[in-house]
Amino acid sequence: MQSADESSHAVESNSPAPGRTITTLSSREVYRNRWMRVREDEILRSNGQKGIYGVVEKEDGAIIIPIDGDRIWLVEQFRYTVQERALELPQGTWERPIENPEELARGELKEELGLEAAQMALLGSMWIAYGFTRQREHIFLASGLTPTEKKPDPEEHDLVVHSVPIADFERMILDGTIRDECTLAAWGLYVVWKAQQRQR
């Protein structure tokens, strides 16, 4: 019989974990603009079946969690794809390869919120929507915040900045006011990271 500790770490599987099970036979770019590239690949699966795979490629981005005491900074903007205004954590990319994700995070913090951070801690990185997109986001906790000159991107002309109590922010997550997956995932990572810090 498994102990509670053993069972909590058990992983059910009906077969050994395989390695790469899809091979790329050919690839062609079908669209490109300054923000993304779209390609269509001809693929071969390990079961012998051929198919196609559409992939959207975007440069790495940063998600910033700006916490000031018991408050958190958010941005609100119109998201064209869903035709709604959305509340979310500040995030973005520079549409070019980045060597230092922290530099990007600090740039986005200044651009969107007009803030500088005395401390910027990298909590982790994640792939977003990798069913069709190849893009990685680096999550930073920003603290020791001070105002500085705001430099909004021309495309963010409608961006509104909010500072809200963390309790209200979490309530908005639970009641569906905030539905941005990057915001939800980044906050989940922060909650786990914070819990680990308390145990040290």
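The values are calculated or read from the model by the stated rules, or taken from the named source; none is laboratory data. The structure presented is a predicted model; accordingly, all values stated were derived computationally and were not measured. Note that each Cβ is placed from the backbone with ideal geometry, even for glycine, and that neighbours are counted across all protein chains shown.
To keep it simple, each residue is scored yes or no on (1) surrounded by fewer than 14 Cβ atoms within 10 Å (Cβ to Cβ); (2) of a type in the set (Lys, Arg).
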position	(1), (2)
ARG134	no, yes
THR148	yes, no
PRO152	no, no
ASP158	yes, no
VAL164	no, no
ILE173	no, no
ASP180	no, no
ALA186	no, no
ARG200	yes, yes
*Scan the range 153-166 and give yes if some residue there is at pLDDT 95 or above, over 15 Å from the mean Cα position of the chain (by Cα) and either assigned by TED's automatic domain parsing to the domain that holds TYR53 or not in a strand (DSSP E or B) (or both), otherwise no.*
yes
*Of all the residues that make up the range 69-92, how many are out of contact with any Phe, Trp or Tyr (no Cβ under 6 Å at 6 or more places or on another chain), surrounded by 15 or more Cβ atoms within 10 Å (Cβ to Cβ) and not in a loop (DSSP other than H, G, I, E, B)?*
10
*Which numbered condition GLU95 fails, given (1) free of Cβ contacts under 8 Å to residues at least 60 places away in the same chain; (2) part of a loop (DSSP other than H, G, I, E, B)*: (1)
*Taking the range 25-68 only, how many residues are among the hydroxyl-bearing types (Ser, Thr, Tyr) and not in a strand (DSSP E or B)?*
1
*Inside the range 42-68, can you point out the residues that are loosely packed, with under 13 Cβ neighbours inside 10 Å, touching a residue at least 24 places away in the same chain (Cβ under 8 Å) and not hydroxyl-bearing (Ser, Thr, Tyr)?*
ARG45, LYS50, GLY54
*Do you know which residues across the range 78-99 are within 23 Å of ALA117 (Cα to Cα) and modelled with pLDDT of 95 or more?*
LEU87, GLU88, LEU89, PRO90, GLN91
